[in-house]
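In what follows, a single structure is set out as structure tokens and then discussed.
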Protein chains: 2
Amino acid sequence: MGTVTIQQVAAEAHVSPTTVSNYLTGRSERMQPETRDRVRAAIDRLGYRPNRAARALRTGKTHSIGLVVPSVANPFWGTFANELERASIAAGYSVLLGNTERDAARELRYVEDLWDAGVRSIVLGTSLPSLEHLQPFLDRGLRLITFDRPVQPTDPPSVMSVSVDNSVGGYLGAAHLLGLGHTRVSFVAGAMQSLNRTARYRGFCSALTEAGLDPAEQAQWSGTDAVPAGAAEAAEIGREAITAMLAGPRPPTAVMAINDMTALGVCSGIRALGLSIGADVSVVGFDDIVLATLCDPPLTTVRQPLPDLARLALREAVGDDDDAATRGGSVLLRPELVVRGSTGPVPEVAIGRRSGPATRVVAGDPRLVS
Amino acid sequence: MGTVTIQQVAAEAHVSPTTVSNYLTGRSERMQPETRDRVRAAIDRLGYRPNRAARALRTGKTHSIGLVVPSVANPFWGTFANELERASIAAGYSVLLGNTERDAARELRYVEDLWDAGVRSIVLGTSLPSLEHLQPFLDRGLRLITFDRPVQPTDPPSVMSVSVDNSVGGYLGAAHLLGLGHTRVSFVAGAMQSLNRTARYRGFCSALTEAGLDPAEQAQWSGTDAVPAGAAEAAEIGREAITAMLAGPRPPTAVMAINDMTALGVCSGIRALGLSIGADVSVVGFDDIVLATLCDPPLTTVRQPLPDLARLALREAVGDDDDAATRGGSVLLRPELVVRGSTGPVPEVAIGRRSGPATRVVAGDPRLVS
DNA sequence: CTTCGTTACTGTAACGTTGCACTCAAACCA
DNA sequence: TGGTTTGAGTGCAACGTTACAGTAACGAAG
């Protein structure tokens, strides 16, 4: 075939294959300039490209990192994938992609696959509660960086975590709403066991408490038991939640959602009831996905600095062992509140007294907590 | 190290490495059941996993396909990536991801990289007009499947294409608007040289002509010269376009956009002028991305059957040489019109006579054609 | 004048797999 | 019975690279 090997280059340059290899792997400093030129010229002349499979076989290393996310169809993960991939390429790595749809079996399958493909660093976006199933690979030396998933006390100690400070994010969102005068502020999450929910809700609560409100008295929607797989499902949960809440005994004037997709669902539900977003009900999201600026009104949200997060995740994934000081620890970046049109001052007339929504009540829904 | 090799399995099963290899590569039919069981047992006992680098080196084949798209941050491409990846996994392939940001140099870099990694099939989503720069790889046997990019007469003959029938899509969108009684129907595209634009616009025009309208008399927005890189830019173009058109001498009552992001931008522009989408101005998009259902009103659009397209692209990418009858040809799937809230009957009072928009005119914009 | 160290390279042996040619029985056919 | 075919498995030699040990040349130190 037309494949040019290192031997052919060596012959062309009148040196040994080892010398060519040395040149290629960066040890060109300890070479006569004249030899180096001969090698370079030979490579150019023959159009030589190193064979990565041979390299990987010999060295046991790949220049690939794995990225395992719920689904790149979700703009949040798509954007993160994009940023991580961009950073990787700049660092000379390629990205192998896997979508788990939040299925533990698929996640395991991907990790196995990636391991077999020689990948030894995986950025994992699936926030499953336990990492037990990956223990065998961690034992064999897999470098695992969880993204957007708070570290659990039971996690294996070698696992690294890169994410935004969710607690701060929750606080920022709630504080913004409280600052606008709202006192009936609800929190809407996809599922009880969503790992991000905990920290975000904690921050949310602490802002409420600081303002003299009792979080336990605020309506809170815990969603269905299933973690929403797709973007559409996440939105649907928001729609359900707000519909039930506004029909409840103590309808909120402001809502903080676990993420932007759910927030958009909330908005859609508000509109369906004939109410105005930002005027009648304020909505805060989380993530700041592209859609947040495109919807009407644009969404006030807590922005995750995805480019920075991606860079950090990559550093942990490909950094030197000693340079990775955070081995087993977490990096938390500070999120930023982006105020747009979906939030506004508390309405003069409480919604509960208005007509309309009450007729569409789904009363006593068990998922509507407190 | 803890790596188990085929020799160790062979020793454990008291057979030769070749026999184990035969078992692994599916030639287990011509083996004594008893031997087969011994091999299987040995593999299980030792937890053997084949080394892919060695395999790739020996056979020259990888079980990876490349996916090169503008950006998975764009929901359209994210969804396609997701579908392709899902289909690939089911077929035993992994996906290597590259985001080009529509930059020819980056595209080339990815193809080089992927080739070096042993990838011999690439699904290419970047719609650059020319594929010349990839010719060297095509000569060496690269299997290239372009997606969402109509075949150009000058394309190398071995390139395959999978996409939706854009002409039919343009026709469906226009026909829907004409059916609603609209007679001032504009077409908004991101850029003149967008390859999709041609076919979609052709279909659009043929529907107009059939209805007795002269396409040349309809306003048409050709966008800036640069192809929009990100999702946000695509939306911005829509916003600009509609703002200028509605301020023009013959404001449209209906708009068909080159894709959903641009359509959403159009919607946003319409709202900014205080007009109502679907009532004052009807909008049709193209693609049917997730956002199309989530925005307000939900977007009428021409749906691309992404799961089917992904399956087809994969088949071309991994199929047998002889089974790939479409080598060098195109597969065009029929798109489907999805009618939602953004389109409605032509308004009684033409917009031009109403107040408001005229005050915000950006008159005589050179990009506003005819 | 030996010994040592340094520089600049070379030779060899893997890395783990599979294709191919081969062997050795047993079964088959005339 | 002799020759051929078939079945089941083996042995060897790569695939293209790099780690490691080695060497030759040469100057400096003892």
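Does the stretch B:2-20 contain any residue that is over 30 Å from residue B:146 (Cα atoms), modelled with pLDDT under 90 and loosely packed, with under 14 Cβ neighbours inside 10 Å?
yes
Checking the conditions here, which among B:47, B:60, B:92, B:78 is crowded, with 24+ Cβ neighbours inside 10 Å and either on the phi > 0 side of the Ramachandran plot or not aliphatic (A, V, I, L, M) (or both)?
Working: B:47 fails: crowded, with 24+ Cβ neighbours inside 10 Å; B:60 fails: crowded, with 24+ Cβ neighbours inside 10 Å; B:92 fails: crowded, with 24+ Cβ neighbours inside 10 Å.
Within the list B:47, B:60, B:92, B:78, the selection yields B:78.
Restricting the first residue to the stretch B:35-53 and requiring it to be in the same structural domain as residue B:7 (by TED's automatic domain parsing), which pairs with a second residue that is within 12 Å of DNA strand D (Cβ to nearest atom) and outside any helix (DSSP H, G or I) meet a Cβ separation below 7 Å and a spacing of at least six or different chains?
Sorted first by the residue in the stretch B:35-53, then by its partner, the list stays empty.
Listed here are the residues, each with its yes/no results for (1) farther than 30 Å from residue A:124 by Cα; (2) away from DNA strand D (no atom under 11 Å from the Cβ).
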residue: A:11; (1), (2): yes, yes
residue: A:30; (1), (2): yes, no
residue: A:34; (1), (2): yes, yes
residue: A:49; (1), (2): yes, no
residue: A:56; (1), (2): no, no
residue: A:70; (1), (2): no, yes
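For the subset of the stretch A:78-89 comprising residues that are touching a residue at least 60 places away in the same chain (Cβ under 8 Å) and within 7 Å of another protein chain (Cβ to nearest Cβ), which member is farthest from residue B:87 (Cα to Cα)?
Among those residues, the one meeting the criterion is A:86.
Matching residues to (1) surrounded by fewer than 23 Cβ atoms within 10 Å (Cβ to Cβ); (2) part of a helix (DSSP H, G or I); (3) at positive phi; (4) not β-branched (Val, Ile, Thr):
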| residue | (1), (2), (3), (4) |
| --- | --- |
| B:101 | yes, no, yes, yes |
| B:111 | no, yes, no, no |
| B:114 | no, yes, no, yes |
| B:123 | no, no, no, no |
| B:137 | yes, yes, no, yes |
| B:146 | no, no, no, no |
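Based on this model, can you work out whether residue A:12 counts as within 14 Å of DNA strand C (Cβ to nearest atom) and among the acidic types (Asp, Glu)?
Taking the combined requirement at face value, the residue satisfies it.
If the requirement is being more than 9 Å from chain A (Cβ to nearest Cβ) and over 20 Å from residue B:196 (Cβ atoms), which of these qualifies: B:122, B:65, B:145?
B:65
Can you tell me how many residues within the stretch B:90-112 are of a type outside the set (D, E, K, R), within 11 Å of chain A (Cβ to nearest Cβ) and within 18 Å of residue B:138 (Cβ to Cβ)?
Selection size over the stretch B:90-112: 3.
Within the stretch B:100-151, how many residues turn out to be farther than 21 Å from residue B:52 by Cβ and among the small types (Gly, Ala, Ser)?
5
Could you tell me whether residue B:34 is at pLDDT below 95 and surrounded by fewer than 24 Cβ atoms within 10 Å (Cβ to Cβ)?
yes
If a residue counts only when it is within 14 Å of another protein chain (Cβ to nearest Cβ), which strands (runs of 3 or more DSSP E) contained entirely in the stretch A:244-314 have at least 2 such residues?
A:282-287
Of (1) within 16 Å of DNA strand D (Cβ to nearest atom); (2) touching a residue at least 40 places away in the same chain (Cβ under 8 Å); (3) surrounded by fewer than 20 Cβ atoms within 10 Å (Cβ to Cβ); (4) in a loop (DSSP other than H, G, I, E, B), residue A:118 satisfies all except one. Which?
Single failed check for residue A:118: (3).
The values are calculated or read from the model by the stated rules, or taken from the named source; none is laboratory data. The shown structure was predicted, so the numbers you read here are calculated from the model rather than taken from an experiment. Counting neighbours? That spans all protein chains shown, and the Cβs are built from the backbone with ideal geometry, glycine included.
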